[in-house]
Amino acid sequence: MKAIVHGARRSCLLLAALAMAAAVMPVAAQPATAIAAVARWPDKPVHVYLGFAAGGLPDTVGRLVQQKLAERWGVQVIMDNRPGAGGITAADIVARAAPDGYSLHLSDASVIAVNPFTYPKLNYTERDFEAVSIVARSPLFLAVNSSVPVANFQELIALARARPGELSYGSSGIGTVHHLSMEALNLAFGLQIIHVPYKGTGQSVPAMVSGQVAMVFSAYPSLASYARDGRVRLIAGNQARRSALAPNVPTVAEMGAPGFDYAVTNGYMVPAGTPREIIQRISQSMAEVVKLPDIVERFTALGIEPVGSTPEEHAAAWKADTERFSRIVRAARVRAE
């Protein structure tokens with residue numbers, strides 16, 4: 001009888017040991033698999049999701065950087081434009097993607113920093129992303145259709161005050177930096193210029209040129225040719241200092257709104273949980289790419305400042321933008337329609 005009991009006890013202990021071993025083995029194997037995946041990265045195409053249409057500043061930045069990254073990494077880097085809804089579609093794709101470094105999100109600060117304030121039912125939050133690198137920074141210019149009877153910023157403010165609710169402006173979508181720059185202007189000068197959202201500057205700028213809306217805030221490359229042929233007038237810049245591309249165009253800050261600075265920062269993010277080694281590798285590649293002479297020359301010609309920040313610098317800028325833009329969202333009562 002004792003032999004039977006001892007035998008049963010040994011069997012139970014053996015089964016328990018086997019169960020523990022079975023439970024431990026996958027856990028032990030998983031880090032090795034993850035380490036191997038990090039070591040191999042990248043060994044397949046990398047997708048960059050952009051929440052705006054082709055032709056705008058983020059798209060231009062992304063395509064210039066994309067080519068150099070593909071050369072450096074030896075794999076395809078695919079730009080995937082998903083315009084509309086203030087960049088939400090692209091951000092949502094990346095938030096739900098595997099955290100393996102193969103799905104990147106390119107945007108300005110507003111898409112992640114501001115959308116949670118303007119779209120209360122988002123499927124993602126800023127906690128679903130990790131900062132990688134700011135690659136570029138550039139000002140936006142306030143431009144008006146040449147049919148608008150103003151020659152300078154002061155005349156535009158006077159006209160808008162005399163005709164509240166009659167003038168309109170286009171943007172790249174609700175909550176974008178183009179939208180919030182204009183709402184900041186409305187707040188700073190007590191104006192009522194009406195918002196008309198589009199799916200990107202590829203739509204909003206032509207709408208302004210054709211007279212569908214009176215004005216836009218947009219990047220210099222989107223406006224330069226129209227300004228040269230007289231179809232639009234550049235009225236003011238939205239960053240703290242004047243741009244070397246348009247030194248005669250004053251800033252909103254110097255025209256009566258101290259501290260008015262809403263320059264666009266374009267940066268890359270990845271899904272939360274992406275291995276730190278991969279984030280550092282992507283960030284380092286981007287910092288090297290934006291310092292290449294031909295990229296610097298191209299960026300400079302477009303009025304874009306190459307940056308190439310660390311993940312930590314990007315995260316700090318992201319936090320600052322969240323605080324800055326959220327104040328405008330609350331004060332202007334910006335909400336998704």
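The values are calculated or read from the model by the stated rules, or taken from the named source; none is laboratory data. Everything numeric here is computed off the predicted structure, so don't read it as measured data. We place every Cβ from the backbone using ideal geometry, glycine too, and count neighbours over all the protein chains shown.
Tabulated data
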read-out	value
Some residue of the range 19-40 being surrounded by 17 or more Cβ atoms within 10 Å (Cβ to Cβ) and either modelled with pLDDT of 85 or more or within 14 Å of the chain's Cα centre (by Cα) (or both)	no
Qualifying residue in the range 144-153 (condition: modelled with pLDDT under 90, in contact with a strand residue (DSSP E or B) (Cβ under 9 Å, 6 or more places away or on another chain) and β-branched (V, I, T))	no
Qualifying residue in the range 161-168 (condition: out of contact with any Lys or Arg (no Cβ under 7 Å at 6 or more places or on another chain), touching a residue at least 24 places away in the same chain (Cβ under 8 Å) and crowded, with 21+ Cβ neighbours inside 10 Å)	no
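Listed here are the residues, each with its yes/no results for (1) in contact (Cβ under 8 Å) with a residue 12 or more places away in the chain; (2) surrounded by 18 or more Cβ atoms within 10 Å (Cβ to Cβ); (3) of a type in the set (A, V, I, L, M).
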site	(1), (2), (3)
Q76	yes, no, no
G87	yes, yes, no
Y102	yes, yes, no
I112	yes, yes, yes
K121	no, no, no
F153	yes, yes, no
